[in-house]
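Undergrad: One structure is given below, represented as structure tokens, and several questions about it will come after.
The values are calculated or read from the model by the stated rules, or taken from the named source; none is laboratory data. The model shown is predicted, which means the values in this text are computed figures rather than measured ones. For neighbour counting, all protein chains shown are included, and Cβ atoms are generated from backbone atoms with ideal geometry for every residue, glycine included. Ligands, DNA and RNA are stripped out before the accessible areas are found, and what is left, the full protein with its side chains, is counted by its heavy atoms. Shrake-Rupley method; radii C 1.70, N 1.55, O 1.52, S 1.80 Å.
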Amino acid sequence: MNTESRNITVGGLIVEVVRKPIKNLHLGVYPPQGRVRVAAPLTVDDEAVRLAVVGKLGWIKRQRAKFQAQPRQSERLMVSGESHYFLGRRYRLRVHETTGSLRIALRGKATMDLFVRTDTTVERREQVLQNFYRAELKRLVPELLEKWQPKLGVEARAWGIKRMKTKWGTCNIEARRIWLNLELAKKPVQCLEYILVHELAHLHERHHNDRFISLLDQHLPQWHLLKEQLNSSHLADERW
């Protein structure tokens with residue numbers, strides 16, 4: 001799909017304007033900082049976009065204030081005593097020295113053991129944790145695909161996991177490829193399931209229109225609650 005993107009300033013706000021071959025204008029405010037993005041039809045000029053944004057300034061400010069008020073994890077130092085999350089559960093990190101492989105292991109329902117060498121840097125420790133998250137998602141996703149693809153009557157040709165700053169998931173309709181945010185490893189598995197169903201539903205319907213909402217209502221009636229849970233949960237440290 002052909003698109004073009006540029007930034008404009010409206011009332012002191014920097015607004016990303018993405019023009020696409022769509023019928024209606026869509027305005028969104030995205031975490032963590034409240035980035036403002038407008039998806040506009042190719043025929044809509046900047047002045048029309050500015051008017052649309054001005055008309056929504058009150059709502060935009062409320063959304064940005066909501067994001068700023070959300071709790072955020074502090075910068076991770078990867079030392080014993082820190083809290084880390086996995087599948088919605090909070091774990092206390094315990095760091096152990098090892099001469100073997102660097103790895104993460106869960107102990108019971110409250111302890112996350114990190115095995116590293118004495119000279120392992122903070123960045124490398126973080127990478128060990130990210131590798132653990134990635135491996136666990138790769139274990140969980142195939143089971144969910146096996147459950148939901150027949151129910152929805154669609155099939156993704158490919159899927160992957162990557163870190164994304166503003167989206168929990170994306171779907172390339174033409175390639176039938178789904179990407180899931182690595183941060184979902186920290187959330188309850190029901191949230192991962194919701195995002196996967198959401199992206200699979202896009203293989204039926206590209207836009208977030210009534211037909212798309214009807215698909216979610218039919219197959220995952222509690223999706224509103226799961227969406228709210230994701231939007232109100234801890235955001236990651238923002239260095240990435």
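Undergrad: How many residues, within the range 36-54, are open to solvent by 60 Å² or more (accessible area, probe 1.4 Å) and in contact with a strand residue (DSSP E or B) (Cβ under 7 Å, 6 or more places away or on another chain)?
TA: Filtering the range 36-54 down to residues open to solvent by 60 Å² or more (accessible area, probe 1.4 Å) leaves 42-43, 45, 47, 50-51, 54.
In the following step, the residues that additionally are in contact with a strand residue (DSSP E or B) (Cβ under 7 Å, 6 or more places away or on another chain) were identified as 42, 50, 54.
Within the range 36-54, residues that are open to solvent by 60 Å² or more (accessible area, probe 1.4 Å) and in contact with a strand residue (DSSP E or B) (Cβ under 7 Å, 6 or more places away or on another chain) number 3.
Undergrad: Being within 26 Å of Asn231 (Cα to Cα) and surrounded by fewer than 11 Cβ atoms within 10 Å (Cβ to Cβ) is the filter; apply it to the range 8-35 and report the residue that is farthest from the chain's Cα centre (by Cα).
TA: Restricting to residues being within 26 Å of Asn231 (Cα to Cα) and surrounded by fewer than 11 Cβ atoms within 10 Å (Cβ to Cβ), the top hit is Gly12.
Undergrad: Taking Lys187, is it in the same structural domain as Asn131 (by the TED database) and crowded, with 20+ Cβ neighbours inside 10 Å? Working first, answer last.
TA: On the way: in the same structural domain as Asn131 (by the TED database): yes; crowded, with 20+ Cβ neighbours inside 10 Å: yes.
So Lys187 passes the test.
Undergrad: Shifting gears a bit: So which residues in the range 25-41 are part of a loop (DSSP other than H, G, I, E, B) and either assigned by the TED database to the domain that holds Lys167 or modelled with pLDDT under 90 (or both), if there are any at all?
TA: So the first thing to find is which residues in the range 25-41 are part of a loop (DSSP other than H, G, I, E, B), and the list is 25, 31-34.
The answer is Pro31, Pro32, Gln33, Gly34.
Undergrad: Kindly establish whether Tyr85 is open to solvent by 60 Å² or more (accessible area, probe 1.4 Å), in contact with a strand residue (DSSP E or B) (Cβ under 8 Å, 6 or more places away or on another chain) and of a type in the set (Ser, Thr, Tyr). Break it down stepwise before answering.
TA: Details: open to solvent by 60 Å² or more (accessible area, probe 1.4 Å): no; in contact with a strand residue (DSSP E or B) (Cβ under 8 Å, 6 or more places away or on another chain): yes; of a type in the set (Ser, Thr, Tyr): yes.
When the stated conditions are applied, Tyr85 does not pass them.
Undergrad: Would you check if Leu57 is more than 19 Å from Glu183 (Cα to Cα) and exposed (fewer than 15 other Cβ atoms within 10 Å of the Cβ)?
TA: Spelling it out, Leu57 is indeed more than 19 Å from Glu183 (Cα to Cα) and exposed (fewer than 15 other Cβ atoms within 10 Å of the Cβ).
Undergrad: Would you pick out the residues in the range 208-221 that are part of a loop (DSSP other than H, G, I, E, B) and surrounded by 12 or more Cβ atoms within 10 Å (Cβ to Cβ)?
TA: From the range 208-221, those part of a loop (DSSP other than H, G, I, E, B) are 208-209, 220-221; that's our starting set.
Hits for the range 208-221 are His208, Leu220.
Undergrad: Looking at (1) under 15 Å from the mean Cα position of the chain (by Cα); (2) open to solvent by less than 60 Å² (accessible area, probe 1.4 Å), which is the one condition that is false for His202?
TA: For His202, the failing item is (1).
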